[in-house]
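Read the figures in this text as sums done on the coordinates, not as results from a lab. Just so it is clear, the model here is predicted, and its values are computed rather than measured.
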Amino acid sequence: MRTFASVFVIAFAGAVLPAQAGEPVVIGEGVFVEEALARVGADGAIEVFLVVNNRSSGVAALGVQVPGATGVQVIDATGRPIEPSIPIHSELYMKPDGVRIVATGLSPSSTIPVEVTLGIGAPVVIQAQVLTDGQAVPDHHDYQHG
């Protein structure tokens with residue numbers, strides 16, 4: 001498994017990076033994406049699920065965009081748009097029927113690029129793996145934090 005330090009060296013603004021279990025991607029000092037998954041919803045919209053861990057000493061305001069989408073929102077469990085921030089030493093665990101990113105106007109493929117920013121920082125593009133029809137979103141609680 002990669003160490004936090006080695007991942008920090010390879011992550012830089014504008015990079016297109018995978019975010020798979022065991023391979024966190026640094027998006028800011030002490031803040032990283034542990035997983036990035038997506039699926040096609042019943043209405044044809046793409047739902048994106050990130051797990052963002054904030055091990056920094058400050059609150060991380062999270063911004064997301066999905067290149068090529070006609071609409072992008074981060075929504076809560078009730079479907080209301082939100083602007084997420086991640087408190088110090090905590091984790092934002094996006095999941096179906098919870099906080100998630102909804103992107104419209106995309107044709108699904110095997111991966112979806114997601115631009116993630118912290119505050120006014122430069123975006124880091126992460127490839128979210130699109131799950132196949134009927135494939136459940138894995139339970140992140142099985143993840144081994146490094």
Stokes-Einstein D in µm²/s, Kirkwood radius over Cα pairs - region 40-146 at 10 °C with 1.306 mPa s viscosity: 109 µm²/s
Overall Cα dimensions of region 63-105, principal axis frame, Å, largest first: 34, 21, 14
